[in-house]
Amino acid sequence: MHDQAEILRQRFQSGSTSARVCAVVSGKGGVGKSNLTINLALSLVKTGSKVLVLDLDIGMANLDILMGVHSRYNIVDLVEQQLPILDLIETGPDQVDYLAGGSGLNQLFELTSEQFNHFCQQMKVIQERYDHIFLDMAAGASRDSLQFITAADEVLLVTTPEPTAITDAYAMLKHIHQQESSVTISIIVNRVENKGEGEDVGMRIQKAARQFLQKDIKRLGMLPEDRTVFKAVKEQKPFRIYAPYSNVAKSVQKLADIYQGGSDDSRKNEGFIQRFTRYFSKKQGTI
């Protein structure tokens, strides 16, 4: 593990960057959020980006299972033992870095002041070493998970054409907007039967957001319904690797290209750590 940590340090010693921190969320479970996250990350790695995925999905942490890897450490170890994050990060297939979730992940949302300070210090370390950091959040919203979501530079909201998924996606959008109106939110429609269906779902949510929230959201794109995804999950391989020339793999690469070219700097004057600190202070009643 220490050898791997040293490799990570050497990999990023050429210069520091300010990572783009993105929270990936959904209104309900079962829409393919975690699968999309890891395959989007892999697609960005293919373009030469340095990418880290943090599994923050309480109770359903499964990124390592989707990749078919065994994780020796998880993000709970970072908090409970206050270990250096570079000693815990592991490298998955095709050189995507990740930190797995854990069964005691709820403790991450109940940080003591000491744990909070350590977490922020370690976030600063990785922000200087990656181009993109994805927070794979649990479905739905809680007061604690919103602390992470609203501190991110931007949010990717994943839904499907299923009516309940659309309704829950709008509810999630509304909840985030009420907590932090300035955060950029982009929508991805997963498992569409055709392009028209994906565009229709995206436009309906966009229209509702403008009409009722006076909020403009982006439509990042869509992924098709593809049997390849089911087969890849059974094999515990990301579909981007399992079938790189499939329609869904090509579609997620297109999403990655659009995402990479659409960075929003409107919140860069206050970074993730500053926003996270502000929300933590409010929660503790210190400001």
(request) Check whether at least one residue in region 190-207 is of a type outside the set (A, V, I, L, M), surrounded by 17 or more Cβ atoms within 10 Å (Cβ to Cβ) and touching a residue at least 40 places away in the same chain (Cβ under 8 Å), and report yes or no. (result) yes
(request) Could you tell me whether any residue of region 76-91 is at pLDDT 95 or above, under 20 Å from Leu255 (Cα atoms) and out of contact with any helix residue (DSSP H, G or I) (no Cβ under 6 Å at 6 or more places or on another chain)? (result) no
(message) Step by step: first the residues of region 270-287, then only those that are modelled with pLDDT under 80 and assigned to a helix (DSSP H, G or I), then the one that is surrounded by the most Cβ atoms within 10 Å (Cβ to Cβ). Which residue is that?
(response) Tyr279
(message) Residues that are within 22 Å of Leu40 (Cβ to Cβ) and assigned to a helix (DSSP H, G or I): does region 181-192 have at least one?
(response) no
(message) Suppose we keep only residues that are surrounded by fewer than 17 Cβ atoms within 10 Å (Cβ to Cβ) and of a type in the set (Phe, Trp, Tyr) within region 209-255. Which one would you say is farthest from Ala169 (Cα to Cα)?
(response) Tyr245
(request) Kindly list, by first and then second residue, each pair from a residue in region 20-40 that is at positive phi and in contact (Cβ under 8 Å) with a residue 60 or more places away in the chain to a residue that is among the hydrophobic types (A, V, I, L, M, F, W, C) and surrounded by fewer than 24 Cβ atoms within 10 Å (Cβ to Cβ), limited to pairs with Cβ atoms under 7 Å and residues at least 6 apart or on different chains. (result) none
(request) Would you please name the residue that is modelled with the lowest pLDDT, looking only at residues in region 1-34 that are in contact with a Leu (Cβ under 6 Å, 6 or more places away or on another chain) and farther than 25 Å from Met60 by Cβ? (result) Leu8
(message) Yes or no: region 197-205 includes at least one residue that is under 15 Å from Val24 (Cβ atoms) and either modelled with pLDDT of 95 or more or in a strand (DSSP E or B) (or both).
(response) no
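Mind listing just one residue for me: the one in region 249-266 that is under 17 Å from the mean Cα position of the chain (by Cα) and closer than 30 Å to Asn117 by Cα and, of those, modelled with the lowest pLDDT? Steps first, please.
Taking region 249-266 first, the residues under 17 Å from the mean Cα position of the chain (by Cα) are 252-253, 255-260, 262-264.
Restricting the remaining residues to those that are closer than 30 Å to Asn117 by Cα gives 263-264.
On the way: Ser263: 68, Asp264: 61.
So, considering only residues that are under 17 Å from the mean Cα position of the chain (by Cα) and closer than 30 Å to Asn117 by Cα, the one modelled with the lowest pLDDT is Asp264.
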(request) Quickly run through region 208-230 and pick out the residues that are among the β-branched types (Val, Ile, Thr) and assigned to a helix (DSSP H, G or I). (result) Thr228, Val229
(message) Filter region 154-183 down to the residues that are modelled with pLDDT under 95 and within 17 Å of the chain's Cα centre (by Cα) and list them by number.
(response) Val183
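If you go through region 75-85 one residue at a time, do you hit one that is of a type in the set (Asp, Glu) and under 25 Å from Ile241 (Cα atoms)?
Within region 75-85, none of the residues are of a type in the set (Asp, Glu) and under 25 Å from Ile241 (Cα atoms).
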(message) Among the residues in region 70-78, are any surrounded by fewer than 16 Cβ atoms within 10 Å (Cβ to Cβ) and either under 15 Å from the mean Cα position of the chain (by Cα) or closer than 23 Å to Val189 by Cβ (or both)?
(response) no
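The values are calculated or read from the model by the stated rules, or taken from the named source; none is laboratory data. For clarity, every value in this text was computed on a predicted model and none was experimentally measured. Note that each Cβ is placed from the backbone with ideal geometry, even for glycine, and that neighbours are counted across all protein chains shown.
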